[in-house]
Each structure stands twice: as C-alpha cells, then as structure tokens.
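Reading through the structure tokens given below for one structure.
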Amino acid sequence: MAELLMEDQAFFFNFLRMPPEMFEELLVRIGPRIQKQDTRYKKALEPGLKLVAINTISLLVPEVCQAIVEEHKEEVISCPTMPEEWHAIDEDFLKKWNVPHACGAIDGKHVAIRCPRNSGSLYHTYKGFFSVVLMALVDADYKFVWIDVGGYGSQSDAQIYNESELKDCLEDGSIGFPDPDPLPNDDRNMPYFFLGDDAFGLRTYLMKPYSHRGKTREEMITNYRISRGRRVVENAFGILAQRWQLLLTTMQQAPKQ
C-alpha cells in the first residue's frame, strides 16, 4: 500500500477504485469506527488494510460498509426539512426539466436476490425473480435525497410508499413541505408535489400522468412534462447500477428478516 501510494498512483487508483486523497479522507473518517484492539494472540489489522483486505473479507466487508454508512449518511443523503430547501429542488426542476413545483421524483427499483429460506412468495416479484426494493426520492441532479431499502419484492411501489416514513412526515407536516402558491404566469394556488408513475396513487403532493385514452393536447403536454421530470429517478438508478454493478446481478446475500 505504501509503495503504491508513493510510486504508482495510477495503479493505486486501479487497485482501489479511488484516488489516494479520497482513500486518506475515508480512512481518517471511518478509521476509529473499525479499529480493533490488539490481543495476546494476534495483532489487529490496521484500518487501512481492512479497506482492501482479501483475507477474512466476508467478515470485514459488512463492518466497513456499516462504518461508511454511519459516517456519511447524514452528509450524503439528507432529506430537506425546511421550505427553502424544497424550493431549491423545485427551482432546479423548473430550470433543467421545465416542470414547475416538482420537489423530487420517486420510484422503486427491484434488486435481485436469491430466494431467502422459508420466505415463500414474500420476495417474489411479478417480474419473475426474487428481490428487495430500493425506493428513492431524487432531485433534479440525480442525487438521492431520501431512500427506503428492504421492501419485499411482492409489494407494489404504492404499498411500500404507504408504509414509509416519508408519507407520514408529509401528512403530519414535519418535513416543512412548501405551502401552495401560483405557477409561473398564473394567479391560482397550486400544491408542490413529487413526480411518480402509475403505480402511485394521485395525491395533492404526488403527481402522476393521465392514464385514460383519448387525451387532449393539454393532457398530452402535461404527461410529457411529468414523464420528462420523472425520468431523473430512473437515470439515478441506472447511474447507481453502473457504478456498483453488483446491482445488475443476483445478490447472494439474504436480507435480514
């Protein structure tokens, strides 16, 4: 590790999939969480080795991943709790995707897993495989602002959303969702909302496309705008899966029940 860091930083990046500066920052931040005490029988692995160690990898990976989550979760995925924070997302959706009053796009992604023992059809999705569901709310820049991980594959997106903390917080007003105000070039109040697909139920704070046939021109334009804004969550899932390609395969780990 020391030789790579000093003599061949390109190979260091290829080996660790991160530049030395990022590795050092990560090590400083999570090192205290994964440092163990030496014993009379063996010397504890250094935190830096745990980040890349091959031996005992099955034990170290969950520990290191949990430490990374605990250290970074509030910084990396932070759900807005004030109206001005939601307005910043709304302004980006209007500027980049021409969708006013949109405060995020929401959808669920099925992550394939092997069938857990004694789970019956609980994790079996309508697509024909076993999965857990990652539900996410994404801003206009493909950044996750809220996630819910672990929904059963047999559940619909609407079921998972209805049981989520996000729904409860929206309805009790604890996350500071903005009050309705007029759309651009209008004088009638319009609620702020999330963008969803047909799987979700229509609510004042959740907008989805018209589903009936024989749509008017105005309804077709509305559907186009909603779909254009909602695709950011699909793109975010695609970016996530390309960065962590394990999500493109069937994970062998069983979820905690």
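Near the amide H of Ala112, within less than 5 Å, lie the amide hydrogens of Met251, all on another chain or at least 5 residues away, with H placed in the peptide plane. Highest mean packing comes first when the peptides 125-131, 87-93, 212-218 are listed by Cβ atoms within 10 Å, giving 87-93, 125-131, 212-218. Calculated from the structure at hand, semi-axes √(5λ) of the Cα gyration tensor in Å is found among (1) 29, 25, 23; (2) 43, 21, 18; (3) 40, 23, 17 as (3). Sorted largest first, the principal axis extents computed over the alpha-carbon atoms of segment 145-197 equal 44, 24, 17 Å. Counting only Cβ charges, +1 for Lys and Arg and -1 for Asp and Glu, the dipole size of the chain around its Cα centre is about 1320 debye.
Projecting the Cα positions of Cys79, Val28, His124 onto the charge dipole of the chain (unit charges on Cβ atoms of Lys, Arg, Asp and Glu, taken about the Cα centre) puts His124 furthest along the positive direction.
For the listed peptides 219-228, 152-161, a ranking on the average number of other beta carbons within 10 Å per residue, highest first, reads 152-161, 219-228.
Close amide H partners of Cys103, meaning residues 5 or more places away or on another chain with modelled amide H under 5 Å apart, are Phe193, Phe194, Leu195. Per-residue extension of 0.36 nm, minus the Cα-Cα distance of Ile77 and Leu240, leaves a gain of 57.3 nm for this segment. A Förster radius of 51 Å combined with the Cβ-Cβ distance from Phe15 to Arg203 puts the calculated FRET efficiency at roughly 0.55. Based on the Cβ-Cβ distance from Ser121 to Glu163, what FRET efficiency comes out when R0 is 22 Å, to the nearest 0.05? Result of the calculation: an efficiency of 0.75. Going down the table (Lys109/Lys256; Lys95/Lys127; Lys96/Lys127; Lys143/Lys215; Lys96/Lys256; Lys208/Lys256), which pairs top 30 Å between alpha carbons? From the list (Lys109/Lys256; Lys95/Lys127; Lys96/Lys127; Lys143/Lys215; Lys96/Lys256; Lys208/Lys256), the Cα-Cα distance tops 30 Å for Lys95/Lys127; Lys96/Lys127; Lys143/Lys215; Lys96/Lys256; Lys208/Lys256. Straight Cα distances below 17 angstrom link Lys73 to the aspartates and glutamates Glu25, Glu63, Asp139, Asp148, Glu165, with same-chain residues fewer than 8 positions distant left out. Full extension of the chain segment joining Met251 with Asp187 gains 17.9 nm, where the gain is 0.36 nm per residue of separation less the Cα-Cα distance.
None of the figures in this text is laboratory data; all of them are computed from the coordinates on show. Treat the numbers as computed from the prediction; the structure is a model and nothing was measured. Quick reminder, even Gly has a Cβ in these numbers, built from the backbone with ideal geometry, and neighbours come from all protein chains shown.
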